[in-house]
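Structure first, commentary second.
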Amino acid sequence: MKTALPKYPCKPLGTTDSALNEGDISRIIEMAWEDRTPFEAIETNYGYNESHVVTLMRRMLKPSSFRMWRKRVAGRVTKHAALRSPDIDRAYCPTQYKRF
């Protein structure tokens, strides 16, 4: 059981402080697990490129969860904006956030 979040060792791009709050870390992890959210979106929002995200995930997840995540995102076209179809300009499925 993890009691406290470790201080992230790498400085994110464009920021002076390397510490992220718990909400930011949680959101980055959530975005990394989402199939349709490219790493470029995480970099735009938080300044963390793919290698920073991998390092963060390696530190924050259990080893088995990290391996499962890496296997899942390896070679996934939707996780890289450059590999995606130019017709896709969103980061989520249109039915993901249903509005009533």
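The values are calculated or read from the model by the stated rules, or taken from the named source; none is laboratory data. This one's a predicted model, so the numbers in the text were calculated from it and none came from an experiment. Note that each Cβ is placed from the backbone with ideal geometry, even for glycine, and that neighbours are counted across all protein chains shown.
List of remarks:
- Tallying residues that are among the hydrophobic types (A, V, I, L, M, F, W, C), surrounded by 18 or more Cβ atoms within 10 Å (Cβ to Cβ) and touching a residue at least 24 places away in the same chain (Cβ under 8 Å) within region 33-55 yields 2.
Conditions (1) at pLDDT 90 or above; (2) touching a strand residue (DSSP E or B) at 6+ places or on another chain (Cβ under 9 Å); (3) not in a helix (DSSP H, G or I), marked per residue:
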site	(1), (2), (3)
41	no, no, no
52	yes, no, no
56	yes, no, no
68	yes, no, no
82	no, no, no
88	no, no, yes
